[in-house]
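For reference, the structure is listed below as structure tokens.
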Amino acid sequence: MALSCSSRHIVCFGNELHGDDGFGSYVYAQLCRLIWPEDVKVFNAGISGLNALRFFDDCSRAILVDALVNFGNVGEVCLLRPEDLADRLQQPTGHGQGIPYLLEALNAIRNPLPDILIVGVEIAAVTPFSPGLSDKTAQAVAKTVQLIRGLVSA
């Protein structure tokens with residue numbers, strides 16, 4: 001059975017083996033503990049890159065969750081729209097471009113686009129092969145879950 005056209009998706013990105021870059025994975029784990037309306041689906045996109053395009057299938061609204069850099073103070077939770085990331089796409093390559101590159105690809109293949117919001121936290125550092133979040137980023141997980149709950153309820 002296909003999902004309805006009014007389905008809402010929460011898609012979390014991150015690499016939990018690289019310090020604060022795992023923020024989205026930690027949010028995903030908390031979101032999975034909650035009960036959501038039937039039309040809300042929660043996905044762990046991990047480091048799927050363009051493979052995450054499938055999470056937009058049959059979706060009218062999407063909330064993307066990821067670590068952010070240069071959007072505020074460490075631990076600050078930010079609510080963004082795709083246009084807030086437009087200047088972040090600097091090279092025509094998918095490696096290391098994250099959500100801006102994904103949204104550019106989505107724009108090329110999907111019309112109309114779902115309504116998209118990005119919820120993220122300003123991270124302290126990406127630390128390769130160091131699982132776990134810094135204190136301020138870890139504290140932002142609960143705030144992010146609360147924000148997402150409010151967005152879904154609105």
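Derivation of every value follows stated rules applied to the coordinates shown; laboratory data play no part. The model shown is predicted, which means the values in this text are computed figures rather than measured ones. For neighbour counting, all protein chains shown are included, and Cβ atoms are generated from backbone atoms with ideal geometry for every residue, glycine included.
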Open item on the list: Between residue 69 and residue 34, how high is the FRET efficiency from 1/(1 + (r/R0)^6) when r is the Cβ-Cβ distance and R₀ = 30 Å? Nearest 0.05.
Closed with: 0.60
TODO: Beta carbons within 10 angstrom, averaged per residue: use that to sort the peptides 99-106, 55-62, highest first.
DONE: 99-106, 55-62
Open item on the list: So for the chain, averaging the separation of alpha carbon pairs under 8 Å that are six or more residues apart and normalising by length, what relative contact order in percent results?
Closed with: 33
TODO: Rounded to whole Hz and in sequence order, give me ³J(HN,Hα) for region 54-63 from the Karplus expression 6.51 cos²θ - 1.76 cosθ + 1.60, θ = phi - 60°, writing x for Gly and Pro.
DONE: 5, 6, 9, 4, 6, 10, 9, 9, 9, 10
Open item on the list: I want to verify a result. In a Gaussian network model of the chain, Cα cutoff 10 Å, which of these has the top mean-square fluctuation: 23, 71, 43?
Closed with: 71
Task: Cα shape, region 93-153, gyration tensor, a/c 1.5 rule - done: oblate
Task: For the chain, share of DSSP beta bridges that run antiparallel, in % to the nearest 5 - done: 20
